[in-house]
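Structure first, commentary second.
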């Protein structure tokens, strides 16, 4: 434990952008990922905790990504207040993009019970897990999911905005995909 603290102090003396790169590279290995998880427990600094979580969420190991989200929801190893950061970071990760949305759907009732459906936290979670969707299938899935919860849920501003963002993404893809394929 002392070694971890000494190493962390050395890492923290690096510029922020360099530290984030080192953490993310470290999270790619099993030992590095475990080391970062231990560091999360020892660190008091909020910005450092968030950098560590973002790095932990950058792994391509699906089991670890699921574990991070479940553990954050339970608030045992990872604090519940960090769940939005975990979900957002995982949703930005290629292997985790759809995984984060599936997690939200499967755990919606727990999420709403813990954070309240009108809260900024739930808004952030919905936005971060749906903003990259750009297909009609995803649009219909998101609409159907929220409509199945309640009329009130489907009419929440952030749900309407998520649906609008997906519609705009679809329009953009329809307009630009052919050109992009030609250029690439």
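Any read-out appearing in this document is the output of simple, stated calculations on the displayed coordinates, not a laboratory observation. In this text, all values refer to a predicted model and were calculated from it rather than measured experimentally. Note that each Cβ is placed from the backbone with ideal geometry, even for glycine, and that neighbours are counted across all protein chains shown.
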Can you classify segment 49-109 as rounded, prolate or oblate using the Cα gyration tensor, where a ≥ b ≥ c are the square roots of its eigenvalues, rounded means a/c under 1.5, and otherwise it's prolate if a/b beats b/c and oblate if not?
oblate
With Rh as the Kirkwood radius over Cα pairs, segment 127-184 has Rg/Rh of 1.09
Note down the nm distance, to one decimal, between modelled labels 7 Å out along Cα→Cβ at residue 81 and at residue 161.
2.3 nm
In nm, give the distance between the simple-model label positions of residue 92 and residue 16, each being 7 Å from the Cα along the Cα-to-Cβ direction.
1.3 nm
Can you give the relative contact order of the chain as a percent, counting alpha carbon pairs under 8 Å and 6+ residues apart?
13 percent
R0 of 41 Å, Cβ-Cβ distance residue 141-residue 50: FRET efficiency to nearest 0.05
0.85
Debye-sum result for the chain in log10 I(q)/I(0), which assumes one identical scatterer on each alpha carbon, at q = 0.15 Å⁻¹
-0.91
What ranking do 52-60, 39-47, 118-126 get when scored by the average of other Cβ atoms within 10 Å per residue, highest first?
52-60, 118-126, 39-47
Over the chain: helical MRE at 222 nm, DSSP H runs n ≥ 4 each giving -39500 (n - 2.57), nearest 500:
-24000 deg cm²/dmol
Roughly how many whole Å is it from the C-alpha centroid of segment 75-100 to that of segment 110-153?
15 Å
